[in-house]
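Structure first, then comments.
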Amino acid sequence: MIVSASNVQEAIQRAKDLGASKVLLQLPDGLKPRAFGIFSELSKHFSVVISSQSFYGACDVGSMDTYSRVDCIVQLGHTEIPNLRYPKPIIFIEHLYERDARIEASAFQILRSRGYSTVGLAFSVQYRQVAEGVREALEALGLRVLVGGVDGRMKYPGQVLGCNFSAIHSVQAMVDSIVVVSTGTFHALGAQLSTEKEVFIYDVSEGSLRSMREEADRFLRQRFAAISRAAGARKVCIVIDTKIGQYRPSLAAVVERQARESGKEVVTLATDEANPRDYENLMCDAVVFTGCPRVPIDDGGKFSMPVLTPQEFQMALGIKKGRYVLDEIVA
Ligand code: SF4
């Protein structure tokens with residue numbers, strides 16, 4: 001990943017264009033090792049403070065308290081969410097993974113061997129350039145490539161977020177399978193859970209392609225175990241995340257009503273960070289998290305009680321039946 005000197009100069013120019021003199025710098029954990037150098041560059045032009053918080057996406061730009069003390073925010077490493085109304089001028093500087101090698105068409109031969117001829121292409125935003133190389137490789141194999149459209153939460157066609165797979169939904173009826181360009185498994189796993197078509201991850205760090213079907217089956221077994229534990233819960237915490245792009249109070253109100261009607265004892269909580277200890281102290285039997293859909297999935301293991309998405313909880317209550325429904329925040 002890179003945030004280059006020219007990215008930092010772009011941030012400086014854009015903050016100057018806004019007439020800013022006080023700047024708050026926000027960095028995801030992966031870019032914190034660069035903090036001293038970036039701080040030093042920005043400090044030549046502005047009074048700068050770095051937020052020590054972790055920022056996982058453009059859905060999170062800190063608290064109202066911090067806004068009142070600065071003229072603008074510079075957030076590195078993320079891409080804006082176009083439909084959010086940010087309360088202060090915010091400059092997003094993306095980081096892009098640079099393609100350093102030609103992507104071999106042979107890596108995608110498995111798609112041909114399965115008889116697929118039309119493929120949907122999607123990517124996590126930092127691999128936008130790599131996705132172009134993947135498209136060339138797929139086309140070199142004679143495959144037709146379709147890239148999905150955007151909704152208001154996405155800046156680029158084909159982009160997926162951990163909470164939004166609109167790019168997959170918009171092409172799934174027209175393709176035989178889908179390739180997600182990413183690393184780790186979360187985005188590709190979400191993509192597989194959002195469609196019945198077979199999803200493959202092109203793992204940028206390994207330069208290889210693999211199907212997500214088995215991983216999705218394993219994941220579903222774990223989630224259904226959590227859902228069945230939550231079905232017997234007596235005391236339930238419904239959590240609203242106050243981050244600007246994760247704030248879903250209406251959904252929390254619906255789930256709270258459904259929980260009460262099902263005879264559960266309920267409290268609704270507001271937070272901007274899900275801390276397992278808070279729920280231990282509340283002695284609840286299950287947590288329903290209406291903020292980032294990644295929290296129950298990625299961090300659920302840190303809690304002693306089941307932590308569910310709203311849709312999973314509705315399955316536990318018997319309100320939703322049938323196919324597993326992924327939690328997505330759509331525009
Ligand atoms: Fe990413 Fe979660 Fe924010 Fe969606 S809500 S943009 S998945 S951090």
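The values are calculated or read from the model by the stated rules, or taken from the named source; none is laboratory data. Owing to the predicted nature of the structure, the values given are computational and were not obtained by experimental measurement. Cβ: placed from backbone, ideal geometry, glycine included. Neighbour counts: every protein chain shown. These area figures cover heavy atoms from the full protein model, side chains too; ligands, DNA and RNA do not enter into them. Shrake-Rupley method; radii C 1.70, N 1.55, O 1.52, S 1.80 Å.
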- Message: Within the stretch 220-239, does at least one residue satisfy the condition of being small (Gly, Ala, Ser), within 28 Å of His187 (Cβ to Cβ) and surrounded by 15 or more Cβ atoms within 10 Å (Cβ to Cβ)?
- Response: yes
- Search the stretch 320-331 for residues that are free of Cβ contacts under 8 Å to residues at least 40 places away in the same chain and pair each with any residue that is part of a loop (DSSP other than H, G, I, E, B) and of a type outside the set (Val, Ile, Thr) when their beta-carbon atoms are under 8 Å apart and the residues are at least 6 apart or on different chains. none
- Only residues that are open to solvent by 10 Å² or more (accessible area, probe 1.4 Å), within 14 Å of the ligand (Cβ to nearest atom) and either in a loop (DSSP other than H, G, I, E, B) or closer than 19 Å to Tyr116 by Cβ (or both): list them for the stretch 163-179, please. Cys163
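Go through the stretch 22-47 and count every residue that is open to solvent by 20 Å² or more (accessible area, probe 1.4 Å) and either touching a Cys at 6+ places or on another chain (Cβ under 7 Å) or not hydroxyl-bearing (Ser, Thr, Tyr) (or both).
Of the stretch 22-47, the ones open to solvent by 20 Å² or more (accessible area, probe 1.4 Å) are 22, 29-30, 32-34, 36-37, 39-41, 43-45, 47.
Going one step further and asking which of them are either touching a Cys at 6+ places or on another chain (Cβ under 7 Å) or not hydroxyl-bearing (Ser, Thr, Tyr) (or both), we end up with 22, 29-30, 32-34, 36-37, 39, 41, 44-45.
Qualifying residue count for the region: 12.
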- Task: Run Ile103 past the list (1) closer than 20 Å to Tyr127 by Cβ; (2) among the β-branched types (Val, Ile, Thr); (3) touching a strand residue (DSSP E or B) at 6+ places or on another chain (Cβ under 7 Å) and report the number of the one that doesn't hold.
- Result: (3)
- Regarding Val130, is this residue more than 16 Å from the ligand (Cβ to nearest atom), open to solvent by less than 50 Å² (accessible area, probe 1.4 Å) and assigned to a helix (DSSP H, G or I)? yes
- Considering only residues of the stretch 241-292 that are open to solvent by 70 Å² or more (accessible area, probe 1.4 Å) and assigned to a helix (DSSP H, G or I), which is nearest to the ligand (Cβ to nearest atom)? Ser250
- Task: Evaluate the stretch 106-113: report whether one residue or more is within 22 Å of the chain's Cα centre (by Cα) and over 20 Å from Gly245 (Cβ atoms).
- Result: no
- Message: Taking the criterion of being under 30 Å from Asp71 (Cα atoms) and within 16 Å of the ligand (Cβ to nearest atom), would at least one residue in the stretch 96-117 satisfy it?
- Response: no
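Looking at the stretch 298-330 only, could you name the residues that are within 12 Å of the ligand (Cβ to nearest atom) and either of a type in the set (Phe, Trp, Tyr) or open to solvent by 40 Å² or more (accessible area, probe 1.4 Å) (or both)? Don't jump to the end; show me each part of the working.
Step one: of the stretch 298-330, the residues within 12 Å of the ligand (Cβ to nearest atom) are 298-299, 309, 326-330.
Within the stretch 298-330, Asp298, Asp299, Val330 meet the criteria.
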- Query: Taking the stretch 140-162, which residues are of a type outside the set (S, T, N, Q) and either within 16 Å of the ligand (Cβ to nearest atom) or under 15 Å from the mean Cα position of the chain (by Cα) (or both)?
  - Reply: Val150, Asp151, Gly152, Arg153, Met154, Lys155, Tyr156, Gly158, Val160, Leu161, Gly162
- Log entry, pairs with first residue in the stretch 167-178 being at pLDDT 95 or above, second being among the aromatic types (Phe, Trp, Tyr), beta carbons closer than 9 Å, six or more apart or on different chains, reads Ala167/Phe123; Ala167/Tyr156; Val175/Tyr116; Asp176/Tyr116; Ser177/Tyr116; Ser177/Phe200; Ile178/Phe200
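Quick one: which of Val61, Val48, Val70 is assigned to a strand (DSSP E or B) and on the phi < 0 side of the Ramachandran plot?
On the way: Val61 fails: assigned to a strand (DSSP E or B); Val70 fails: assigned to a strand (DSSP E or B).
On inspection, the qualifying residue turns out to be Val48.
Evaluate the following for Pro87: is it open to solvent by 40 Å² or more (accessible area, probe 1.4 Å), touching a residue at least 12 places away in the same chain (Cβ under 8 Å) and within 20 Å of Ala20 (Cβ to Cβ)? Before you say what the answer is, go through the steps one by one.
Values: open to solvent by 40 Å² or more (accessible area, probe 1.4 Å): yes; touching a residue at least 12 places away in the same chain (Cβ under 8 Å): yes; within 20 Å of Ala20 (Cβ to Cβ): yes.
Taking the combined requirement at face value, the residue satisfies it.
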